[in-house]
Ligand SMILES: Nc1ncnc2c1ncn2[C@@H]1O[C@H](COP(=O)(O)OP(=O)(O)OP(=O)(O)O)[C@@H](O)[C@H]1O
Ligand SMILES: [Mg+2]
């Protein structure tokens, strides 16, 4: 469904030196499969999500949706094909109500809105007339963003740390919400064991590149993060 070939992305640091964030990633994300992406902070997980969604343009490589080369497609064109994203840090706006966003996403009735919001643990009557702005708590904004993805009911779901900032309603409900999207292509960045356990495949990003494989094999490879030891070296 989503196929990336030799995808590379780099940034320039303050000294104008090139720093590779993603290097030659080639992965086929299949429908009906959950791929979890994990790895230490700064390893490039959100960068990968943003390149698939078209927010960042890769230096090299191609991205295919089915047989369509979408590498040069805009975010809107990708969204129209059925790719939706819930960001690590949701972007809120002033002056737009939650019901308007859910309508734009695809909810056709109050019942539809209710269903999408209840799936993320929110009661529609408390939220649909509220503005999707910075008065929402971080966890509420994240849940509403997930509800928008559900309302859209596309083919590819990109979730960047959906568990972050969400309270104890969270993990078990989130796990069943994701499992219920069973015929879709799910790409989900997570550090959460319960989410990694429902993945079919796990992609680990690290400084040396990446490794992808079946969940049971990859779970054993996830080791505690090693620090550079600078603090430990100070005597
Ligand atoms: N414009 C930039 N200039 C310098 N470094 C950048 C720039 N944009 C991104 N980076 C670096 O790219 C790396 C990857 O960032 P990214 O947000 O993809 O990490 P991540 O794996 O999602 O981390 P986290 O687990 O903290 O969410 C980070 O080290 C980040 O500081
Ligand atoms: Mg991130």
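Tabulated values for the structure
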| read-out | value |
| --- | --- |
| Residue within region 42-51 that is at pLDDT below 95, within 16 Å of ligand 1 (Cβ to nearest atom), closer than 24 Å to residue 162 by Cβ and surrounded by fewer than 14 Cβ atoms within 10 Å (Cβ to Cβ) present | yes |
| Residue, nearest to residue 206 (Cα to Cα), within region 26-43, restricted to residues that are within 13 Å of ligand 2 (Cβ to nearest atom) and assigned to a strand (DSSP E or B) | 39 |
| Subset tally (residues that are surrounded by 13 or more Cβ atoms within 10 Å (Cβ to Cβ), assigned to a helix (DSSP H, G or I) and within 16 Å of ligand 1 (Cβ to nearest atom)) for region 178-201 | 2 |
| Selection from region 84-110 of residues that are surrounded by 16 or more Cβ atoms within 10 Å (Cβ to Cβ) and in a helix (DSSP H, G or I) | 98, 99, 101, 102, 103, 105 |
| Residue in region 151-163 that is farther than 27 Å from residue 65 by Cβ and either surrounded by fewer than 16 Cβ atoms within 10 Å (Cβ to Cβ) or at pLDDT 95 or above (or both) present | no |
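Per-residue answers, yes or no, for (1) touching a helix residue (DSSP H, G or I) at 6+ places or on another chain (Cβ under 9 Å); (2) within 16 Å of ligand 1 (Cβ to nearest atom); (3) closer than 16 Å to residue 143 by Cα:
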| position | (1), (2), (3) |
| --- | --- |
| 57 | yes, yes, no |
| 74 | no, no, no |
| 85 | yes, yes, yes |
| 89 | yes, yes, yes |
| 112 | yes, no, yes |
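The values are calculated or read from the model by the stated rules, or taken from the named source; none is laboratory data. Here the structure is a predicted model, which means the values were calculated and not measured. Note: ideal-geometry Cβ built from the backbone for every residue, glycine included; neighbour counts use all protein chains shown.
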